[in-house]
């Protein structure tokens, strides 16, 4: 009773139009509050999903980099073993893609651990690339030496041997020339074997062929040294010396080829492969932390979305409840006294002059009406 009296006294002090307007404004305020809180909740969810999308992008970059690392490793190893422009181009393309992906990842806002792993991975890729550059230089050296060993140089030496033999035959009255002609055929045979072994070894890298070629080098070197001792005529002496010089270059090229091949094998097994493994491990670490972080952020964003939906439902329900409550209170503050004054009018119309007129203390239109009937 006291509660209804308080509500009635509070509201009857205001005009009906003011109460209706206040009820309308209260609904608008509830709707506005619901909208503001809802927007705040949605903004928080949007921030979470933006962070999730960014981290998903980083995870995608990490997975793509891991794939490119495999391509990079296989192409570099194949190039180290066999050379080939295609392998080098594949390595360069993979290296370029990895570099771009690392730059794209580091350009984003990463957590400290992920950023540190990306930078470590970048360092591993740089170490691998520097090793590969050494492999490329050694491969270039091998290509240069291959041209010397299987190009025109062997044919030039064979022609020089033939020229020396012809000149020795022309000077056959010389004892040294006669002595040289005695083993010149042996020189030609051993050199023919040597050039064949060298060509096959350059093509196959067969250690057995290398051993055979090495033995033939020893034999041909001995025969040329003996020829230098025998051929002392003014014309033959410079010819055999020039032949020895060119053969020395040929032999040095063979030794350098073996050395370069050994170096490239050592680079591959001792440096390139281990650094590739370190690079693989770094790529796996980057991918794992990025994917794990993405899963965590997705779970958090999804949970926040559910909470936001629940919050919106509660807010809408609360707004409806309080809106209806306010309107009911305002309606009751109008209809109840209006019903009372209606009863008074009906009784007065029926001739009852002793009826008690209520609501005269109200400050609104109904109170004014009641006071008018009181007169």
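The values are calculated or read from the model by the stated rules, or taken from the named source; none is laboratory data. Since the structure is predicted, the reported quantities are computational estimates derived from the model, not experimental observations. When we count neighbours, we look across all protein chains shown, and the Cβ atoms used for this are built from the backbone with ideal geometry, even at glycine.
Restricting to the range 53-80, and then to whatever is surrounded by fewer than 21 Cβ atoms within 10 Å (Cβ to Cβ) and at pLDDT below 80, can you tell me which residue is farthest from residue 113 (Cα to Cα)?
53
Failed condition for residue 105, given (1) over 16 Å from residue 276 (Cα atoms); (2) touching a helix residue (DSSP H, G or I) at 6+ places or on another chain (Cβ under 6 Å); (3) modelled with pLDDT of 85 or more, with all others met?
(3)
Counting just the residues of the range 74-118 that are touching a residue at least 40 places away in the same chain (Cβ under 8 Å), farther than 16 Å from residue 64 by Cβ and not in a helix (DSSP H, G or I), which one comes out farthest from the chain's Cα centre (by Cα)?
Only one residue tops the list, namely 83.
Quick one: would you say residue 207 is out of contact with any helix residue (DSSP H, G or I) (no Cβ under 9 Å at 6 or more places or on another chain) and either modelled with pLDDT of 85 or more or at negative phi (or both)?
No: the conditions fail for residue 207.
Tell me, please, whether a residue that is closer than 30 Å to residue 123 by Cα, surrounded by 19 or more Cβ atoms within 10 Å (Cβ to Cβ) and either touching a helix residue (DSSP H, G or I) at 6+ places or on another chain (Cβ under 9 Å) or without any contact (Cβ under 8 Å) to a residue 40 or more places away in the chain (or both) can be found in the range 295-313.
yes
Tell me whether the range 182-202 contains one or more residues that are closer than 30 Å to residue 276 by Cα, modelled with pLDDT of 90 or more and not in a helix (DSSP H, G or I).
The answer is no; no qualifying residue exists.
Quick one: would you say residue 331 is surrounded by 13 or more Cβ atoms within 10 Å (Cβ to Cβ) and in contact with a helix residue (DSSP H, G or I) (Cβ under 8 Å, 6 or more places away or on another chain)?
Taking the combined requirement at face value, the residue does not satisfy it.
Which condition from (1) at pLDDT 80 or above; (2) closer than 18 Å to residue 364 by Cβ is the one that residue 329 breaks?
Status for residue 329: all satisfied but (1).
For residue 173, work out the one condition from (1) without any contact (Cβ under 8 Å) to a residue 12 or more places away in the chain; (2) part of a helix (DSSP H, G or I) it doesn't fulfil.
(2)
Condition test on residue 217, is it over 48 Å from the mean Cα position of the chain (by Cα), surrounded by 20 or more Cβ atoms within 10 Å (Cβ to Cβ) and either modelled with pLDDT of 80 or more or on the phi > 0 side of the Ramachandran plot (or both)?
yes
Quick one: would you say residue 241 is over 30 Å from residue 208 (Cβ atoms), more than 18 Å from the chain's Cα centre (by Cα), part of a helix (DSSP H, G or I) and at pLDDT 85 or above?
Yes: the conditions hold for residue 241.
Do you know which residues across the range 338-370 are without any contact (Cβ under 8 Å) to a residue 12 or more places away in the chain and either within 60 Å of the chain's Cα centre (by Cα) or assigned to a helix (DSSP H, G or I) (or both)?
Hits for the range 338-370 are 339, 342, 343, 346, 347, 349, 368.
For the range 108-135, enumerate the residues that are touching a helix residue (DSSP H, G or I) at 6+ places or on another chain (Cβ under 7 Å) and under 30 Å from residue 203 (Cβ atoms).
128, 129, 131, 132, 134, 135
Scan the range 136-145 residue by residue and report those that are touching a helix residue (DSSP H, G or I) at 6+ places or on another chain (Cβ under 9 Å) and in contact (Cβ under 8 Å) with a residue 60 or more places away in the chain.
If the condition is that a residue be touching a helix residue (DSSP H, G or I) at 6+ places or on another chain (Cβ under 9 Å) and in contact (Cβ under 8 Å) with a residue 60 or more places away in the chain, then 138, 139, 141, 142, 145 are the ones that fit.
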